[in-house]
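Enquirer: Let me begin by handing over the structure; questions about it come next.
The values are calculated or read from the model by the stated rules, or taken from the named source; none is laboratory data. Because the structure is predicted, anything quoted here is derived from the model rather than measured. FYI the Cβ positions are ideal-geometry reconstructions off the backbone, even for glycines, and counts take in every protein chain you see.
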Amino acid sequence: MLAEAERQTAESVGPLYASTYREMRAAGFTAVGEFHYLGLETALAAAEAAEEAAIAFVCVHAAYARGGLPRMRQDSVAAYLAELEALRTHGIAVAVAPHSVRACPRDWLEQLGRYAWENGLPLHVHANEQPREVEECLAEHGVRPIELLADCGCLGARTTVVHATHANGAELDLLRDSGSTICVCPTTEADLGDGFLPAVRVRHRGIRLCIGSDSNVRIDPFEELRQLEGIARRQDGRRGVFATEELWEIGGANGASSLGLESWAEIEVDGAHRSLEGVAEEHLHAALIAGCGADVVVPPA
């Protein structure tokens with residue numbers, strides 16, 4: 001993965017982004033928060049590709065103090081914020097994105113949390129994705145990742161924690177009390193063998209959820225929602241843990257809120273598709289989530 005990232009240029013990524021965004025748009029994703037790793041010029045190329053694909057775009061520009069490739073890292077918080085401001089100058093919507101507690105030390109987290117709060121910007125961060133990450137955070141800081149984010153002022157109503165797969169009860173309480181969102185990416189978490197979101201405990205606490213395609217191993221919002229409900233059913237031993245309209249909100253309004261979007265495009269579905277044969281209008285949302293793939297979506301003109 002890193003070798004592939006290293007050889008990309010602003011010229012090479014443009015067609016790749018455009019192709020992926022067109023596939024996402026055709027599948028029913030009407031907005032993308034691009035968790036972006038590859039530097040300023042490629043971020044501009046991604047924004048152009050999103051415009052070409054007619055998908056709403058927010059550049060979730062990653063801050064890296066350590067780890068990854070040299071091209072992913074910034075020398076200082078000031079250098080990172082200069083990149084973020086350059087994107088804003090180009091009229092590109094952005095989110096502050098300390099990549100993770102592995103990539104950003106405490107002082108970076110504190111400064112980035114403060115900047116996001118002062119500027120009213122969304123903040124996205126990976127946390128509790130893997131057990132090793134939790135262990136390393138405990139060894140370095142004496143607290144778990146979401147506890148560290150809370151200590152550093154990175155949690156709040158505009159914060160989205162990506163994954164939270166291995167969050168414990170105390171960390172889930174912090175997310176609930178701060179009004180933060182979890183972005184769950186079930187197809188990717190399954191593909192990587194990272195585990196299951198504690199979906200039932202998350203829902204019990206009323207923590208807001210949204211979905212992400214993450215690695216794009218599967219570009220299908222219905223599949224992400226279906227897997228989320230499937231995880232919850234296995235954990236709770238019953239059916240219908242999330243109501244249909246809850247899942248629809250997770251796939252729509254909650255995702256928009258996570259990205260700081262006030263509106264978003266609606267999708268159109270092919271009512272004559274074989275997967276919807278005999279489905280009454282009032283059961284459309286349930287049928288889409290329970291038994292349909294992205295091919296039921298009518299691609300935008």
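Enquirer: Inspect segment 154-163 for any residue being surrounded by fewer than 20 Cβ atoms within 10 Å (Cβ to Cβ), of a type outside the set (S, T, N, Q), within 15 Å of S178 (Cβ to Cβ) and free of Cβ contacts under 8 Å to residues at least 24 places away in the same chain and give the result as yes or no.
Expert: Within segment 154-163 (the criterion being surrounded by fewer than 20 Cβ atoms within 10 Å (Cβ to Cβ), of a type outside the set (S, T, N, Q), within 15 Å of S178 (Cβ to Cβ) and free of Cβ contacts under 8 Å to residues at least 24 places away in the same chain), the answer is yes, since at least one residue qualifies.
Enquirer: Next question, about the same structure. Mind listing whichever residues of segment 195-222 are in contact with a Lys or Arg (Cβ under 6 Å, 6 or more places away or on another chain) and either in a loop (DSSP other than H, G, I, E, B) or farther than 22 Å from A253 by Cα (or both)?
Expert: I207 - this is the single residue of segment 195-222 that is in contact with a Lys or Arg (Cβ under 6 Å, 6 or more places away or on another chain) and either in a loop (DSSP other than H, G, I, E, B) or farther than 22 Å from A253 by Cα (or both).
Enquirer: Here's a follow-up. Before we move on, is A116 touching a Gly at 6+ places or on another chain (Cβ under 7 Å), in a helix (DSSP H, G or I) and under 27 Å from V184 (Cβ atoms)?
Expert: So A116 fails the test.
Enquirer: Which one is surrounded by the fewest Cβ atoms within 10 Å (Cβ to Cβ), of the residues in segment 171-194 that are part of a helix (DSSP H, G or I) and of a type in the set (S, T, N, Q)?
Expert: Applying the filter and picking the extreme gives S178.
Enquirer: Let me ask something else. Please find, within segment 1-11, the residue that is modelled with the lowest pLDDT out of those that are exposed (fewer than 12 other Cβ atoms within 10 Å of the Cβ) and in a helix (DSSP H, G or I).
Expert: Top of the filtered list is L2.
Enquirer: Okay, next question. Pull up segment 264-301, narrow it to residues that are in contact with a Lys or Arg (Cβ under 8 Å, 6 or more places away or on another chain) and in a helix (DSSP H, G or I), then point me to the one that is farthest from R25 (Cα to Cα).
Expert: Selected residue: A290.
Enquirer: To continue, here is another question. When you look at E34, is it in contact with a Cys (Cβ under 9 Å, 6 or more places away or on another chain) and modelled with pLDDT of 95 or more, yes or no?
Expert: Taking the combined requirement at face value, the residue satisfies it.
Enquirer: Report yes if some residue within segment 248-262 is over 25 Å from L123 (Cβ atoms) and not hydroxyl-bearing (S, T, Y); otherwise report no.
Expert: For segment 248-262, residues over 25 Å from L123 (Cβ atoms) and not hydroxyl-bearing (S, T, Y): present.
Enquirer: Kindly indicate the residue of segment 63-80 that is in a helix (DSSP H, G or I) and within 21 Å of the chain's Cα centre (by Cα) and also surrounded by the most Cβ atoms within 10 Å (Cβ to Cβ) among those meeting that condition.
Expert: Ranking the candidates gives Y80 first.
Enquirer: Please state which one of G14, G33 is more than 19 Å from the chain's Cα centre (by Cα) and surrounded by 17 or more Cβ atoms within 10 Å (Cβ to Cβ).
Expert: Only one candidate passes the filter, namely G14.
Enquirer: Mind checking which residues of segment 40-54 are among the small types (G, A, S) and crowded, with 19+ Cβ neighbours inside 10 Å?
Expert: Once the filter is applied, which keeps residues that are among the small types (G, A, S) and crowded, with 19+ Cβ neighbours inside 10 Å, segment 40-54 yields A43, A45, A46, A47, A49, A50, A53.
Enquirer: Any residue in segment 229-237 that is surrounded by 17 or more Cβ atoms within 10 Å (Cβ to Cβ) and touching a strand residue (DSSP E or B) at 6+ places or on another chain (Cβ under 9 Å)?
Expert: yes
Enquirer: Could we say that A170 is farther than 19 Å from A97 by Cβ, over 15 Å from the mean Cα position of the chain (by Cα) and either of a type in the set (A, V, I, L, M) or modelled with pLDDT under 95 (or both) here?
Expert: Taking the combined requirement at face value, the residue satisfies it.
Enquirer: Would you pick out the residues in segment 147-170 that are part of a strand (DSSP E or B) and farther than 23 Å from E223 by Cβ?
Expert: T159
Enquirer: Residues to consider are E85, E110, E135, E140; find the one that is assigned to a helix (DSSP H, G or I) and either in contact (Cβ under 8 Å) with a residue 40 or more places away in the chain or closer than 22 Å to S180 by Cα (or both).
Expert: Step by step, each of E85, E110, E135, E140 is checked, and only E110 is assigned to a helix (DSSP H, G or I) and either in contact (Cβ under 8 Å) with a residue 40 or more places away in the chain or closer than 22 Å to S180 by Cα (or both).
Enquirer: Then there is this: What residue, among those in segment 82-132 that are charged (D, E, K, R) and crowded, with 21+ Cβ neighbours inside 10 Å, is nearest to H166 (Cα to Cα)?
Expert: E129
Enquirer: Within segment 269-281, is even one residue in contact (Cβ under 8 Å) with a residue 40 or more places away in the chain, among the polar types (S, T, N, Q) and surrounded by 14 or more Cβ atoms within 10 Å (Cβ to Cβ)?
Expert: No; the residues of segment 269-281 include none that is in contact (Cβ under 8 Å) with a residue 40 or more places away in the chain, among the polar types (S, T, N, Q) and surrounded by 14 or more Cβ atoms within 10 Å (Cβ to Cβ).
Enquirer: Does H141 satisfy the condition of being at pLDDT 95 or above and over 17 Å from Y64 (Cα atoms)?
Expert: yes
Enquirer: Would you check which residues across segment 1-44 are closer than 21 Å to R71 by Cβ, without any contact (Cβ under 8 Å) to a residue 24 or more places away in the chain and of a type in the set (G, A, S) and list them?
Expert: Passing the criteria: A3, S12.
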